[in-house]
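> Quick one: this structure, given as C-alpha cells, is what I'll be asking you about.
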Amino acid sequence: MLAPVPRDHTYCFYRKTDKFGVQSDDTKICVVMVGLPARGKSLIAGKALRYLHWVGIPARIFNVGTYRRMDTPHPAAGFFDPSNPEGQRMRRAAAQAAMSDLIKWFKEGHGVVAFLDATNSTKTRRAWIHKCCHDEGIETLFVESTCDSEEIIMNNILEVKTTSPDYRGQDPEVAAQDFRNRIRNYEKIYETIDKSEKSYTYVKLINVGSTVVINQIKDYISSRLVYYIQNLHIRPRSIWLSRHGESGFNLGSKIGGDSDLSIRGEAYAKALPGLLKQSGIPAGAKLIIWTSTLKRTIQTARHLAAESGYETLEWKALDELDSGVCDGLTYEEIAERYPQDFVARDEDKYNYRYRGGESYRDVVIRLEPIIMELERSENVIIVTHQAVLRCIYAYFHNMSQEQSPWMEVPLHTLIKLTPRAYGTEEQRFKANIPAVSTWRSKGSSAKHQPSIDS
Ligand code: ATP
Ligand code: F6P
C-alpha cells in the first residue's frame, strides 16, 4: 500500500534554501505591514494569510489595533495625535504586546509567517521591529501600501472603517469625519520607506499596485508572497465555478477518464449561457472561460463560448485529480481491489495519493498558478471537475484541508463567488436538469446515486 504523504511534509514544497542551497526547516518570516490608515493593509494581510493556509504554510496575523482596543476601544482622532503623550504611550505598549506575542508564537515552534498588521509609520518604529526580529532569527519583509487617490481612500473609509469596532454605535458620517482626522494625525509623522532603509527586504505597492517597487527579496516564500500581493486588485468582479455536465463515466459510477457528456450533460451545456445570464453578469462586462483539457469540460463550455463570443482558455492544471491505477474504476471496485488504500484515503483524504496518481495536496500545488492568475483577472468562469473545484472553492472560503475533499458540489449547478473587502459572497444557481450525484460520504463505497431531482 502506498502510504499517505506524512503530515510533516506540509510545506516541503516551500522549504527555504540557505545561501549554499541547502534546505532548512527554520524559516521564520515577519511580514511587517506599513501604510497610513485605510490603505488596505489588513485586507492584503488577510488575503495573504488565506493563500498561505491554502498552500499549507502555518501563518498568523498579529493586529496591533486589536491589542490597542483592549484598553482604548473607542478612541477619538485626538488619541492618534503625535503630540498626545498618553496616546503615544498606549500605542507603543500595544505594539510591544503584539511583537512579544509574535515572537512567542515563533518560539513555540509551529509558525512560518507572521503578519504584524499596524501602520508602522516611522523609520524608528521599523528599525525597532527589524531589530526585535533579527535578534530572534526572524526575517522581515516590509509591505508598504501607499495611495493618493482621495476617491479610493474615501470609499475605503465608507466601506470598512465606519463599521469598525472603533465606531460601534456611532453615526457613520461622524465616524467617517473622525477617521479622516485620524489619518491627518498619522500624516504628521508618516515616513515612507526610502533609500535609507535599502538594507531591508521590502515591497512598496503604490496606488493599488499600479506601481510596485521590490527590494532585496531573498527566500522562496517571500518571493511567492510578493508575487501574490502584487497581483491583488480591488476592481469589482465575480468568479463562476461549474463542474462539467454529467458525463458517461458519471453515469457508469466510474472515476477519472475522459468521457463525453451524457444526454443530460449536453442539456446542461446548452443551459449554461442562460444560467450565467440569470446569475447576473453586468451587461457588456468582459468574461473569460477557463476549462480543463478534458472533453467533458470543453463540451460543457462550448455553447457558452459560441453564443457569447467569450474567449476560452484550456488549462492542464484544471484537469481532474489523477486517480492513477484507479482511473476508470468505480468506488466499489477500488474498495475490492485496493481495500487498504480505500480505507487510507478515507482516513486522510487530503493527503492520500493514489498509486501512480495524485492527492488533493498535489492538486493544490498544481493549482497555485491558477490562483495567481485568478487574482490578476477580472470576471472568469471556470468549468472544471469535482476535486479541482473543491480545491479552488476551499481557497475562496478558507476551508480546512480536512473538510474540503468531502465537500458536496452537485453537478448542473453554477456557483457565483464575489470577493468583498472581508470575505467572499456566494450564490448558487441550479439548472433544472437532473444528474447523478457523484458524492461519496466517508466510509461508504456507494454507487453514484441518482440525484433527488432525477
Ligand atoms: P487601518 O490602518 O485603519 O487598519 P488598513 O490600511 O488596514 O487600515 P483596510 O482595513 O485593509 O485598511 O482597508 C480595506 C479597504 O482597502 C478595502 O475597501 C479595500 O478595497 C481597500 N484596499 C485594498 N487594497 C488596497 C490598496 N493596495 N490600496 C488602497 N486601498 C486598498
Ligand atoms: O466522480 C467524478 C470525479 O470527478 C472523479 O473523476 C474523481 O476521481 C472524483 O470525482 C474526485 O472526487 P473524490 O475525491 O471525492 O473521489
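> If you average the sequence gap of Cα pairs under 8 Å that are 6 or more apart and divide by the length of the chain, what percent do you get for the contact order?
17 percent
> So, one more: Whole angstrom only: what separates the Cα centroid of the range 99-174 from the Cα centroid of the range 391-424?
So the separation of the two Cα centres works out to 28 Å.
> Here's something else I'd like to know. Which whole-number percent gives the relative contact order of the range 29-231, counting Cα pairs below 8 Å spaced six or more residues apart?
It comes to 31 percent, rounded to a whole number.
> Gain in length, ALA93 to TYR422, computed as 0.36 nm per residue apart minus the alpha-carbon separation, to one decimal in nm?
The span from ALA93 to TYR422 would gain 115.7 nm if fully extended.
> Note down the net charge around TYR354, summing +1 for each Lys or Arg and -1 for each Asp or Glu among other residues with Cβ under 9 Å from its Cβ.
Local net charge: -1.
> Pull out the extension gain between GLN177 and THR72, defined as 0.36 nm times the separation in residues minus the alpha carbon to alpha carbon distance; nm, one decimal.
Net length gain for the segment: 35.9 nm.
> Angle between the Cα long axis of helix 41-55 and the longest principal axis of the chain, 0 to 90 degrees, nearest 10?
Helix 41-55 sits roughly 40 degrees off the main axis of the chain.
> Continuing with the same structure: Would you calculate, for the chain, the mean residue ellipticity at 222 nm contributed by helices, counting each DSSP H stretch of 4 or more residues as -39,500 (n - 2.57) and dividing by all residues, to the nearest 500?
-12000 deg cm²/dmol
> Sum up the charges of everything whose Cβ sits under 14 Å from the Cβ of ALA94, counting Lys and Arg as +1 and Asp and Glu as -1, but leave ALA94 out.
+1
> If each residue of separation counts as 0.36 nm, what is the full-extension length gain between TRP406 and ASP260 once their alpha-carbon separation is subtracted?
Extra length available between TRP406 and ASP260 comes to 50.0 nm.
> Tell me which of ALA97, HIS412, MET372 sits at the most positive position along the dipole axis of the chain, charges placed on C-beta atoms (Lys, Arg +1; Asp, Glu -1).
ALA97
> List the aspartates and glutamates whose alpha-carbon lies under 18 Å from that of LYS41, not counting same-chain residues fewer than 8 positions away?
Excluding near neighbours in sequence, the set is ASP117, GLU144, ASP148, GLU150, GLU151, GLU159, ASP166, GLU187, GLU191, GLU375.
> Over the range 239-430, what is the relative contact order in percent, taking alpha-carbon pairs closer than 8 angstrom and at least six residues apart?
30 percent
> May I pose another question? About the Cα centre, and with charges only on the beta carbon of Lys, Arg (+1) and Asp, Glu (-1), how big is the dipole of the chain? Nearest 20 debye, please.
The calculated dipole for the chain is roughly 640 debye.
> What net charge do the residues around LEU225 carry, taking every other residue with its C-beta under 11 Å from that of LEU225, with Lys and Arg at +1 and Asp and Glu at -1?
Every neighbour counted, the sum reads +1.
> Once you have all Cα-Cα distances for the range 29-231, histogram them in 5 Å bins from zero and send the whole-percent values.
Final binned percentages: 1, 7, 16, 20, 21, 17, 11, 5, 1, 0.
> Let me ask something else. How far is the Cα center of the range 236-270 from the Cα center of the range 289-321, in Å?
The distance from the Cα centre of the range 236-270 to that of the range 289-321 comes to 11 Å.
Read-outs throughout are calculated quantities, based only on the coordinates presented, and are distinct from any laboratory measurement. The structure presented is a predicted model; accordingly, all values stated were derived computationally and were not measured. Backbone-built Cβ (ideal geometry, glycine too); neighbour counts: all protein chains shown.
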